[in-house]
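The values are calculated or read from the model by the stated rules, or taken from the named source; none is laboratory data. Quantities reported herein were computed from a predicted structural model and do not represent experimental measurements. Every residue, glycine among them, receives a Cβ derived from its backbone with ideal geometry; neighbour counts consider all protein chains shown.
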Amino acid sequence: MSILSRLALVAGMTAMLSSTALAAGLTVGFSQIGSESGWRAAETSVTKMEAEKRGIDLKFADAQQKQENQIKAIRGFIAQGVDAILVAPVVATGWDAVLGEAKDAKIPVILLDRGVDAAEDLYLTSVASDQVEEGRVAGRFLADSVKDKDCKVVELQGTVGSTPAINRKKGFEEAIAGKANISIVRSQTGDFTRAKGKEVMEGFIKAENGGKDICAVYAHNDDMAVGAIQAIKDAGLKPGSDILVVSIDAVPDIFSAMAAGEANATVELTPNMAGPAFDALEAYLKDGKAPEKFIITESKLYTPADNPQGEYEARKGLGY
Ligand code: AHR
């Protein structure tokens with residue numbers, strides 16, 4: 001090993017040790033939304049793993065999809081005097097009071113994967129994807145796939161009032177704006193779950209000539225897309241060809257559907273929001289320097305050309 005490589009190794013180890021030493025002993029509360037999707041389950045396990053790796057004592061609270069439970073959990077964390085709070089906010093509004101209480105108690109709050117409609121000084125930073133861009137990536141893929149062909153799209157929205165549902169809709173609409181051949185003919189919430197995605201898709205199929213009038217389904221997450229795929233098959237149609245399937249998250253099950261020719265595209269959302277969040281927190285606690293207000297994760301498009309079977313194998317068992 002060259003001297004330079006040795007020096008780099010020692011420097012790397014020193015940095016790792018000092019960041020671990022800094023994080024060790026921290027107590028962090030995490031208010032998670034629930035377990036509505038495979039992606040959410042993966043985010044929970046990655047967050048627990050990241051905390052353990054860094055010696056952080058993570059207090060985990062599952063809100064079972066209810067904002068009131070999240071507010072209760074955050075108040076509990078404040079009462080316990082934790083060093084910081086992570087929150088994945090189920091909906092965008094209604095956070096001012098509790099975030100104000102955390103600020104008064106001088107406890108930094110970091111938002112994970114969803115945003116809030118609240119003053120930016122109420123949280124330290126937000127680690128999330130550009131959800132409007134995710135919608136645009138999905139919409140551009142569909143527009144490129146259908147070219148000039150007429151295409152009636154049905155949309156499965158995420159949880160009403162959540163930022164991914166609002167923004168993914170907006171981005172997709174932006175991408176197809178001006179394309180007279182593509183229109184969203186039906187749009188309803190499937191609450192980010194597989195069961196509701198299937199149920200709502202069944203209704204769309206019934207209302208659209210047994211599904212024969214539907215060209216594509218755009219689902220705000222993969223779990224709803226997987227539910228929709230089942231509904232399409234139950235109706236005697238072929239998902240992936242009779243009805244195109246485009247969604248967001250990149251969970252293992254969508255890759256397995258893609259490998260079977262039943263899904264056409266997904267936009268990746270990394271479940272590792274906690275890594276950048278803990279890095280930002282550690283740096284902030286070390287030198288008091290506030291991180292960027294928005295830490296944006298990548299939104300990469302995957303299609304059947306991207307070795308879906310390999311992606312499935314690589315991702316299964318990662319907590320999804
Ligand atoms: O906020 C991120 C979204 O929430 C994911 O795309 C979805 O699967 C989850 O439930």
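Taken over segment 177-216, the criterion of being away from the ligand (no atom under 16 Å from the Cβ), buried (at least 21 other Cβ atoms within 10 Å of the Cβ) and assigned to a helix (DSSP H, G or I) is satisfied by M201, F204, I205, G211. One residue stands out in segment 109-120 among those that are surrounded by fewer than 21 Cβ atoms within 10 Å (Cβ to Cβ) and closer than 20 Å to D279 by Cα: the one that is nearest to the ligand (Cβ to nearest atom), namely G115.
Take A119 and tell me if it is without any contact (Cβ under 8 Å) to a residue 40 or more places away in the chain and in the same structural domain as I56 (by TED's automatic domain parsing).
Working: without any contact (Cβ under 8 Å) to a residue 40 or more places away in the chain: yes; in the same structural domain as I56 (by TED's automatic domain parsing): yes.
When the stated conditions are applied, A119 passes them.
The conditions of being surrounded by fewer than 16 Cβ atoms within 10 Å (Cβ to Cβ), of a type in the set (A, V, I, L, M, F, W, C) and under 20 Å from the mean Cα position of the chain (by Cα) are not met by F30.
Condition check ((1) within 30 Å of V200 (Cα to Cα); (2) surrounded by fewer than 21 Cβ atoms within 10 Å (Cβ to Cβ); (3) hydrophobic (A, V, I, L, M, F, W, C); (4) in contact with a Ser or Thr (Cβ under 8 Å, 6 or more places away or on another chain)) across all residues:
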site	(1), (2), (3), (4)
D62	yes, yes, no, yes
D83	no, yes, no, yes
A88	yes, no, yes, yes
Q131	yes, no, no, yes
E134	yes, no, no, yes
D150	yes, yes, no, no
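Please go through segment 161-176 and give me each residue that is under 23 Å from V251 (Cα atoms) and in a helix (DSSP H, G or I), ordered by number. Correct list: T163, P164, A165, I166, N167, R168, K169, K170, G171, F172. The listed residues are D223, D234, and the only one of them that is under 20 Å from the mean Cα position of the chain (by Cα), assigned by TED's automatic domain parsing to the domain that holds R136 and modelled with pLDDT of 95 or more turns out to be D223.
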